[in-house]
Amino acid sequence: MGHTERNFAICNLYRLTTPFDAVAALFGVKTKGRPNHSEIVSPTGSGLVVVKDEVRAMHWGFPRVVVSHMSGEALKPKAVTNTRSDRIGSPFWLKSFKSRRCLVPVSAWAEAAGERGRMTRTWFSLPDQSAFAIAGIWLNSPEWGHVFSMLTVEGHAQMDALNDRMPVILRQEDWRTWTDGSPTAAHALCRTWRASLMVTPTDQTWSDRISPAAAQTQLSLPL
């Protein structure tokens, strides 16, 4: 029998199955048409973001330019989808954290379980909630336009066998503090979720989650 390898990089897959109108109503925000977005979102994919009392679609992952060691030339940017809360002071993140915080509506996020090469998806969600908010930051990048990243903290006890990090889940009463409060007040909300999670293992292959093109742009860095 195979064993599960613990993943020390945060997940790069989530889903939002709640209808668009219900998302807008949950967050009490206006809409301008129906933004083009994916139900299952992987790096560089289009996901919904709540910013400035509006629901928008943005690409998941800040573009990071990587330079070729051979030629010294800039390569195609890679997507950095997650922001460690303990490294928010990095120049890569700081300006966005101070002035461009957002809410990311999510129904569940996935972690990889099982042997390398045979990993499957295990989904994590909140009991009795069809959608909840993950703390995010955003940027209008020259490479990909509007993009977002999720804040992460130490993992939940129910995730211990799979990952040492998890997204920052925000209580509804904290949404406004995250988006409009001071950086100090917002950072205080970056903590591990204390309540129980709903855990849903599946036999769906983890590698099915992204296209070859998206796989080439994925990047996890301890920024």
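Some notes on this structure:
Every residue, every condition in (1) on the phi > 0 side of the Ramachandran plot; (2) within 11 Å of the chain's Cα centre (by Cα); (3) surrounded by 15 or more Cβ atoms within 10 Å (Cβ to Cβ); (4) not basic (Lys, Arg), yes or no:
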| position | (1), (2), (3), (4) |
| --- | --- |
| Ser107 | no, no, yes, yes |
| Ala110 | no, yes, yes, yes |
| Phe124 | no, no, yes, yes |
| Asn140 | no, no, no, yes |
| Met150 | no, yes, yes, yes |
| Gly155 | no, no, yes, yes |
| Arg171 | no, no, no, no |
| Trp178 | no, no, yes, yes |
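- A residue that is of a type in the set (A, V, I, L, M), surrounded by fewer than 20 Cβ atoms within 10 Å (Cβ to Cβ) and at pLDDT 95 or above occurs nowhere in region 72-79.
- Taking the conditions (1) without any contact (Cβ under 8 Å) to a residue 12 or more places away in the chain; (2) touching a strand residue (DSSP E or B) at 6+ places or on another chain (Cβ under 7 Å); (3) of a type outside the set (A, V, I, L, M) in turn, Phe27 satisfies each one other than (1).
- Flag for Leu94 being among the aliphatic types (A, V, I, L, M) and either without any contact (Cβ under 8 Å) to a residue 12 or more places away in the chain or surrounded by fewer than 22 Cβ atoms within 10 Å (Cβ to Cβ) (or both): yes
- Residue count for region 140-186, restricted to those that are of a type outside the set (A, V, I, L, M, F, W, C) and under 22 Å from Leu126 (Cα atoms): 18
- Residue match in region 40-49 (condition: out of contact with any helix residue (DSSP H, G or I) (no Cβ under 7 Å at 6 or more places or on another chain) and more than 16 Å from Tyr14 (Cβ to Cβ)): no
- Residue check for Ser182: among the hydroxyl-bearing types (Ser, Thr, Tyr), out of contact with any strand residue (DSSP E or B) (no Cβ under 6 Å at 6 or more places or on another chain), at pLDDT below 95 and exposed (fewer than 12 other Cβ atoms within 10 Å of the Cβ): no
The values are calculated or read from the model by the stated rules, or taken from the named source; none is laboratory data. What you see is a predicted model, and the numbers here were worked out from it, not measured in a lab. Cβ: placed from backbone, ideal geometry, glycine included. Neighbour counts: every protein chain shown.
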